[in-house]
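The values are calculated or read from the model by the stated rules, or taken from the named source; none is laboratory data. Since the structure is predicted, the reported quantities are computational estimates derived from the model, not experimental observations. All Cβ positions, glycine included, derive from the backbone under ideal geometry; neighbour counts span all protein chains shown. Accessible surface areas use protein heavy atoms only, side chains included; no ligands, DNA or RNA. Shrake-Rupley method; radii C 1.70, N 1.55, O 1.52, S 1.80 Å.
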Amino acid sequence: FCTLLVSSSIRMERLPQYYRCGECEAVPASVDCRDCSESYCADCFRAVHAKGKRATHSNNRRIFVCQRCNAVPATQACGDCEGKVYCERCNARLHGSKGKHKKHAPSVKPVAEFFATGGKAPTVNKDEENGLGLRV
């Protein structure tokens, strides 16, 4: 199913199973389908939900992957970094007291709060976005 190229910075063998696509297990998951309690990469989500009962699944959420390490789900978003999203570890390195973006700290919020208050989602591959019906 997957045509997504895995970044060389992602070490899939070290990526915990629950962060991987539940279908191909080859790339990080980027879509969480709460109707079938599974997470998928965009290609597998499209393939699995193309027809049948799963085609009616609408309770889907985008999983933001950290834009620094590209390995784990993001939990923080920074308005001063143009809405980039980071995992706890990368956020602490960038925005902590010794990080190069430490002055951004007041604009860092949890991902859900950031988008609920009007923050813009980071740019993603248009193919990944089209047809998935995702909510933040």
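Within the range 92-106, if we keep just the residues that are assigned to a helix (DSSP H, G or I) and either among the polar types (S, T, N, Q) or loosely packed, with under 14 Cβ neighbours inside 10 Å (or both), the residue that is modelled with the lowest pLDDT turns out to be Pro106.
Checking each residue in the range 48-91 for being surrounded by 15 or more Cβ atoms within 10 Å (Cβ to Cβ) and among the small types (Gly, Ala, Ser) picks out Ala71, Ala74, Ala77, Gly79, Gly83. Considering each residue of the range 29-41, count those that are closer than 18 Å to Gly52 by Cα, in contact with a Cys (Cβ under 7 Å, 6 or more places away or on another chain) and either among the basic types (Lys, Arg) or part of a loop (DSSP other than H, G, I, E, B) (or both), and give that number. Number of matching residues: 0. Here is a check on your reading of the model: is Val124 of a type in the set (Val, Ile, Thr), modelled with pLDDT under 85 and open to solvent by less than 80 Å² (accessible area, probe 1.4 Å)? Yes; evaluated as a whole, the condition is true for this residue.
Looking at this structure, is Ala26 within 17 Å of the chain's Cα centre (by Cα) and either outside any helix (DSSP H, G or I) or within 26 Å of Gly119 (Cβ to Cβ) (or both)? Against the criterion (within 17 Å of the chain's Cα centre (by Cα) and either outside any helix (DSSP H, G or I) or within 26 Å of Gly119 (Cβ to Cβ) (or both)), Ala26 qualifies. Restricting Arg46, Arg61, Arg54 to residues that are at pLDDT below 90 and either assigned by the TED database to the domain that holds Cys33 or in contact with a strand residue (DSSP E or B) (Cβ under 6 Å, 6 or more places away or on another chain) (or both) narrows the list to Arg61. I'd like to check something: does the range 52-59 contain any residue that is of a type outside the set (Phe, Trp, Tyr), in contact with a His (Cβ under 7 Å, 6 or more places away or on another chain) and assigned to a strand (DSSP E or B)? So far as the range 52-59 goes, no, none of its residues is of a type outside the set (Phe, Trp, Tyr), in contact with a His (Cβ under 7 Å, 6 or more places away or on another chain) and assigned to a strand (DSSP E or B).
If you go through the range 25-42 and keep only what is surrounded by 16 or more Cβ atoms within 10 Å (Cβ to Cβ), touching a residue at least 24 places away in the same chain (Cβ under 8 Å) and over 17 Å from Asn70 (Cβ atoms), you end up with Asp32, Cys33.
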